[in-house]
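Accompanying notes for the structure given below.
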Amino acid sequence: MSPTPHSPLPTPVSFEFFPPKTDEQRDALERSVQRLKAVAPDYVSMTFGAGGSTLSHTVEAIKGLRANHGLDAAPHLSCMGGSRAEIRALIEEYQSLGVRRIVALRGDLPSGMASIGDLRYASELVEFIRDVSGDHFHIEVACYPEVHPQADDALADLANFKRKIDAGANGAITQYFYNADGYFRFVDAVRKIGVDVPIVPGIMPIANFSQLRRFSEMCGAEIPRWLTKRLTAYADDTDAIREFSTDVVAELCRKLVDGGAPGLHFYTLNRAKPTLAILERLG
Ligand code: FAD
């Protein structure tokens, strides 16, 4: 399909990064942030790896984004494996840095870590953040239009999502997906149970198909058969893959925004090019 001209995208965008651990990764992040901040994102966020030394990487990266780039940078905070005291210390540190937005998650237990920690679910973390810091933070939580892989069923997962909002979350970002109807059905279902917060779709650009497949198996995001077949058929033709996947994801974004999505949150994986290609395609 050839690109069709569109009006500019009238929607806020946010960009998600992961904390760099090596000098090479730090340089790559720096280059990506330089390019992506030209788009004037609403905010950017930095993921959090549960357990030990990875904790400080998020804090350091948040400080860098704020000090060197003047960006509204939101840390992700997951409770898995952490004690109340550790989580409290992080919340207080972010508060003292002037951070106003947190993405609150349960996280997943890293292999080798035995204890799940003091808080079992993201709803308990949201409650804890409110206890420690009142209304200081705008809290985003995760939600799953295609259902979280550990949920008993779709209704139990919806009830859990409501629990997080009732505990004090202000908004949600979805797991990525490639089926716009699933998102709209999810938003309808959520509105029917009385949840009215903004639900921003998480968008995963397709840069590396084998990596995407691995992620999707872990997090339960479905890659439609037609998409898998086309991407597999292109094999090593990276230009064809780039062109096709940019088209597919830009079309998804367009459908979401036209259908009322309140923003787009891009999982950049610290690479500017695939996200910028989609945004350029959208005008
Ligand atoms: P929860 O909302 O706690 O749900 C986890 C599971 O428990 C679900 O199946 C839910 O249905 C079930 N559940 C919840 N409450 C109950 C209850 N009371 N009784 C029974 N079952 C219940 N991971 C990271 O490690 N770091 C990150 O930075 C990170 N960022 C993310 C950002 C986004 C936007 C998204 C969508 C995901 C992110 N993740 C991250 C992944 C996330 O941590 C995993 O998907 C994790 O498995 C679930 O986290 P949650 O916050 O949705 O958990």
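The values are calculated or read from the model by the stated rules, or taken from the named source; none is laboratory data. This is a predicted model, so every value here is computed, not measured. Backbone-built Cβ (ideal geometry, glycine too); neighbour counts: all protein chains shown. Accessible surface is based on the protein model in full, side chains and every heavy atom, while ligands, DNA and RNA are left aside. Shrake-Rupley method; radii C 1.70, N 1.55, O 1.52, S 1.80 Å.
At-a-glance table
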{"item": "Any hit, the stretch 188-198, residues being open to solvent by less than 50 Å² (accessible area, probe 1.4 Å) and in contact (Cβ under 8 Å) with a residue 40 or more places away in the chain", "result": "yes"}
{"item": "Restricting the stretch 141-153 to residues that are touching a residue at least 24 places away in the same chain (Cβ under 8 Å) and more than 22 Å from residue 75 (Cβ to Cβ), the residue that is most open to solvent (accessible area, probe 1.4 Å)", "result": "149"}
{"item": "Restricting the stretch 154-170 to residues that are assigned to a loop (DSSP other than H, G, I, E, B) and within 13 Å of the ligand (Cβ to nearest atom), the residue that is surrounded by the most Cβ atoms within 10 Å (Cβ to Cβ)", "result": "169"}
{"item": "Filtered residues of the stretch 210-229 (kept if open to solvent by less than 100 Å² (accessible area, probe 1.4 Å) and either farther than 16 Å from residue 179 by Cα or touching a Phe, Trp or Tyr at 6+ places or on another chain (Cβ under 7 Å) (or both))", "result": "210, 211, 215, 221, 223, 224, 227"}
{"item": "Index of the failed condition, residue 77 passing every other in (1) in a loop (DSSP other than H, G, I, E, B); (2) within 13 Å of the ligand (Cβ to nearest atom); (3) touching a Phe, Trp or Tyr at 6+ places or on another chain (Cβ under 9 Å)", "result": "(1)"}
{"item": "Checklist (1) open to solvent by 40 Å² or more (accessible area, probe 1.4 Å); (2) within 16 Å of the ligand (Cβ to nearest atom) applied to residue 263, failing item", "result": "(1)"}
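Residues are listed down the side, and each one gets a yes or a no for (1) at negative phi; (2) open to solvent by less than 20 Å² (accessible area, probe 1.4 Å); (3) at pLDDT 95 or above; (4) hydrophobic (A, V, I, L, M, F, W, C):
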site: 43; (1), (2), (3), (4): yes, yes, yes, no
site: 56; (1), (2), (3), (4): yes, no, no, no
site: 61; (1), (2), (3), (4): yes, yes, yes, yes
site: 83; (1), (2), (3), (4): yes, no, no, no
site: 93; (1), (2), (3), (4): yes, no, yes, no
site: 103; (1), (2), (3), (4): yes, yes, yes, yes
